[in-house]
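The values are calculated or read from the model by the stated rules, or taken from the named source; none is laboratory data. Just so we're clear, the structure is a prediction, and the values are computed from it rather than from any experiment. FYI the Cβ positions are ideal-geometry reconstructions off the backbone, even for glycines, and counts take in every protein chain you see. Ligands, DNA and RNA are stripped out before the accessible areas are found, and what is left, the full protein with its side chains, is counted by its heavy atoms. Shrake-Rupley method; radii C 1.70, N 1.55, O 1.52, S 1.80 Å.
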Amino acid sequence: SQAYETRTNFRRSYPIGLRIFVPNNDKPVIRKLRQIFGEIFLDPMPLKEFTDYDDYWQKRGRQEPKYRFTWVARQLPETGKLLDIGCGDGAFLEYAREVRPNLNMLGVDGSAAAIEKLRAKNLEGAVVGDLNAPDLAGFRDVDVIVAMELIEHLPEPELLMREFLKSTADVFYI
């Protein structure tokens, strides 16, 4: 299968970034996506080879805030607890801290190298092991869960979604 990145505007105001796998340029799938989203753009994803996620985060450069980061950060409550699952190097949390300085934020990731970069930004983070089957028992008392750019990397995202439902969060940004 080939990987593509799809971008569109949902209801012309909410940004959606979705990476999809289209087997052998399956035209019915593309037609269905256009039906659902209206406008889509298909571009080959810039894939590089990495031995694992630690290798990826050691080699990855600094991220600039993405539009979805700014939109989500502005929707967050002024206070409370936020958990960013699959936080990577903390790019979103770094931006969110500027917009919501009184919000208690924690990032968790499966990569120790990513959490090291996050902590270098004076952000709180924890390594939770494999995000395919995370044990988030110690992180369930939160108001908001953010998991951007994560579920498309998981073979069984439903396992993570089930963990979401065990939390006290009532708002999810995925």
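Each peptide in 106-112, 167-173 receives the mean, over its residues, of other Cβ atoms within 10 Å, and ordering these scores from highest gives 106-112, 167-173. For Gly90, no residue has an amide H sitting under 5 Å from its own, ignoring neighbours fewer than 5 places away on the same chain, with H placed 1.01 Å from N. The amide H of Asp84, built 1.01 Å from its N in the peptide plane, has Leu106, Gly107, Val108, Val146 as neighbours under 5 Å, considering only residues 5 or more places off or on other chains. In the range 83-98, which residues have a backbone nitrogen under 15 Å from the label point lying 7 Å from Phe172's Cα in the Cα-to-Cβ direction? Once the point is set 7 Å along Cα→Cβ of Phe172, 83-86 turn out to lie under 15 Å by backbone N, inside the range 83-98.
Taking the 1.4 Å solvent-accessible surface of the range 73-174 as the whole, the part contributed by carbon and sulfur is 47%.
In order along the range 132-146, the Karplus-derived 3J(HN,Hα) couplings, from 6.51 cos²θ - 1.76 cosθ + 1.60 at θ = phi - 60°, round to 5, 9, x, 10, 9, 3, x, 10, 8, 7, 9, 9, 9, 10, 10 Hz, and Gly and Pro are given as x. 3J(HN,Hα) couplings calculated from phi for the range 97-104 with the Karplus curve 6.51 cos²θ - 1.76 cosθ + 1.60 (θ = phi - 60°) are, in sequence order, 4, 5, 7, 10, x, 9, 8, 7 Hz; Gly and Pro show x.
I need the GluC sites (Glu not before Pro) found in the range 62-121, filtered to DSSP loop residues with at most 15 other beta carbons within 10 Å of theirs. Intermediate values should be presented prior to the final figure.
Values: sites: Glu78, Glu94, Glu98, Glu116; in loops: Glu78.
Taking the range 62-121 and a limit of 15 other Cβ atoms within 10 Å, the loop GluC sites (Glu not before Pro) found are Glu78.
Scaled against 2.2 N^0.38 Å for its residue count N, the alpha carbon radius of gyration of the range 54-105 is 1.19.
In this rough spin-label picture, where each label sits 7 Å from Cα along the Cβ direction, the Lys59-Leu165 distance is 3.8 nm.
The local environment of Gly86, defined by Cβ-Cβ distances under 9 Å, has a net charge of -3 under the rule Lys, Arg +1 and Asp, Glu -1.
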